Amino acid sequence: MVSTTVLHGGDLVDGQGTDPQQGVDIVVEGGTVREIIPSRPADTYAAVDEIVDAAGMLVIPGLINNHTHGTAYGPLFPSGHEGLRHEQVLANLDRHLLEGTTTVLCVDGFVTAEALASTDEAHPVNVRLASCNTPACLEAATIADGGGLTEA
């Protein structure tokens, strides 16, 4: 069952460079923003699971960092350097989340789909991947460092 949350009466910063929208309600269904509307009385939302009073607060949903390293389990950097301990990857993701980032693009290059899925299961930040798993990239990584590369 998908839950619905209303962020009620907040001031929205939408990331488009405009002034904050004052006094809006943001309806979130299953983790996705479905509607942004001028604030209305909270009792009109009888069918929602949770209402969060956001009056006097800035709401900044869904910041994306499109260039990160050390945010997925697996080799680091385009050189395929030895990966970080899982605890450090999770600490890096915690830092992004505390800064308001909800999605990161890990550009480490040789992270496998399995390692990405494992990272995604372990943390609420959405981790996406930019990959360079071509023979030429693998050869260059092996020459440059390659300390984190395995058969996988």
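The values are calculated or read from the model by the stated rules, or taken from the named source; none is laboratory data. Note that the structure is predicted; figures quoted are calculated from it, not measured. Because the Cβ atoms are built from the backbone with ideal geometry, glycine has one as well, and the counts that use them run over all protein chains shown. Quick note on the areas: whole protein, heavy atoms, side chains included, nothing else; ligands and nucleic acids left out. Shrake-Rupley method; radii C 1.70, N 1.55, O 1.52, S 1.80 Å.
Here's the yes/no breakdown for (1) hydrophobic (A, V, I, L, M, F, W, C); (2) assigned to a strand (DSSP E or B); (3) more than 28 Å from Gln16 (Cα to Cα); (4) over 20 Å from the mean Cα position of the chain (by Cα):
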site: Ala47; (1), (2), (3), (4): yes, no, yes, yes
site: Gly56; (1), (2), (3), (4): no, no, no, yes
site: Leu84; (1), (2), (3), (4): yes, no, yes, no
site: Val89; (1), (2), (3), (4): yes, no, yes, no
site: Asp94; (1), (2), (3), (4): no, no, no, no
Tally, over region 15-63, of residues that are of a type in the set (Lys, Arg) and at pLDDT 95 or above: 1
Within region 120-152, tally of residues that are acidic (Asp, Glu) and open to solvent by 80 Å² or more (accessible area, probe 1.4 Å): 3
Subset of region 110-129 [of a type in the set (Gly, Ala, Ser) and out of contact with any Gly (no Cβ under 7 Å at 6 or more places or on another chain)]: Ala113, Ala117, Ser118, Ala122
Counted residues, region 70-85 - those being open to solvent by less than 90 Å² (accessible area, probe 1.4 Å) and modelled with pLDDT of 95 or more: 5
Total residues in region 3-20, condition out of contact with any Phe, Trp or Tyr (no Cβ under 8 Å at 6 or more places or on another chain) and under 14 Å from Thr32 (Cα atoms): 4
Selected residue [under 28 Å from Thr112 (Cβ atoms), free of Cβ contacts under 8 Å to residues at least 40 places away in the same chain, touching a strand residue (DSSP E or B) at 6+ places or on another chain (Cβ under 9 Å) and of a type in the set (A, V, I, L, M)] from Leu63, Leu84, Leu76: Leu84
Residue within region 104-119 that is in contact (Cβ under 8 Å) with a residue 12 or more places away in the chain, closer than 16 Å to Gly62 by Cα and open to solvent by 30 Å² or more (accessible area, probe 1.4 Å) present: yes
